[in-house]
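> Mind having a look at this structure? Questions to follow.
The values are calculated or read from the model by the stated rules, or taken from the named source; none is laboratory data. This structure is a prediction, so every number in the text was calculated from the model and none was measured. Cβ placement follows ideal geometry from the backbone for every residue including glycine, while neighbour counts extend to all protein chains displayed.
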Amino acid sequence: MTDAPARGIALARLIASGLGSGYSPRAPGTAGSLLALLLGIPLLLGPPGTLALAILLASLLGLWAIHTANIDGDPGWVVIDEIAGQWTALLGLSHPSALGLIAAFALFRLLDIAKPGPIAWADRQKSAAGIMADDLIAGAIAAGILWATNRHWPGVLG
């Protein structure tokens with residue numbers, strides 16, 4: 001008979017690691033963000049609300065996974081937060097274009113690494129909510145910048 005709690009922890013770690021992308025030997029956050037970008041393209045092309053629903057589900061799964069796996073702090077291999085944050089950044093695009101996707105990826109990574117203002121505050125909250133929140137805030141700021149860019153220069157980024 002298998003151990004159900006151990007299976008639950010293994011599943012939680014798989015989700016927290018972004019299906020293993022967080023175990024990348026170099027730049028695991030970037031690897032998780034790249035996975036999110038690739039998965040985000042069909043979400044952007046799907047019915048309205050698909051991307052927002054995916055963000056909600058990734059956020060809730062992330063909270064569950066971080067709590068269930070008893071993750072302390074924000075270890076580099078935990079990238080479910082980058083996935084939810086990168087998808088949030090994509091909300092600033094009306095449709096995927098090569099330039100828009102590159103801009104969304106670059107802005108999100110820059111904000112996630114530099115952690116200005118409220119992103120840094122959320123990062124200091126060493127809980128499951130804090131781990132998720134800093135990337136969601138970075139994604140929201142990136143989405144706002146992308147949206148404003150599209151508003152000022154329509155169609156440039158998609």
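> Any residue that is of a type outside the set (S, T, Y) and free of Cβ contacts under 8 Å to residues at least 24 places away in the same chain - is there at least one of those in the range 89-99?
Keep residues of the range 89-99 that are of a type outside the set (S, T, Y), which gives 89-93, 95-96, 98-99.
Next cut, free of Cβ contacts under 8 Å to residues at least 24 places away in the same chain only: 98.
Checking the range 89-99: at least one residue is of a type outside the set (S, T, Y) and free of Cβ contacts under 8 Å to residues at least 24 places away in the same chain.
> Scan the range 54-101 for residues that are more than 16 Å from L34 (Cβ to Cβ) and charged (D, E, K, R) and report the count.
So the answer is 2.
> Here's another thing I want to ask about it. Out of all the residues in the range 103-131, which are touching a residue at least 40 places away in the same chain (Cβ under 8 Å) and under 12 Å from G85 (Cα atoms)?
Correct list: A104, F105, F108, R109, D112, I131.
> Without any contact (Cβ under 8 Å) to a residue 12 or more places away in the chain and at positive phi, is that true of A27?
Details: without any contact (Cβ under 8 Å) to a residue 12 or more places away in the chain: yes; at positive phi: yes.
Yes.
> Would you check which residues across the range 108-156 are more than 19 Å from S33 (Cα to Cα) and not in a helix (DSSP H, G or I) and list them?
G117, R124, Q125, K126, S127, W153, P154, G155, V156
> Moving on. Find the residue count for the range 82-138, including only residues that are among the polar types (S, T, N, Q) and within 21 Å of V156 (Cβ to Cβ).
Total satisfying the criteria: 4.
> Taking the range 65-106 on its own, how many of its residues are within 22 Å of R124 (Cβ to Cβ), among the hydrophobic types (A, V, I, L, M, F, W, C) and under 15 Å from the mean Cα position of the chain (by Cα)?
Qualifying residue count, the range 65-106: 9.
> For the range 44-53, state whether one or more residues are at pLDDT 95 or above, touching a Lys or Arg at 6+ places or on another chain (Cβ under 9 Å) and more than 19 Å from A138 (Cα to Cα).
no
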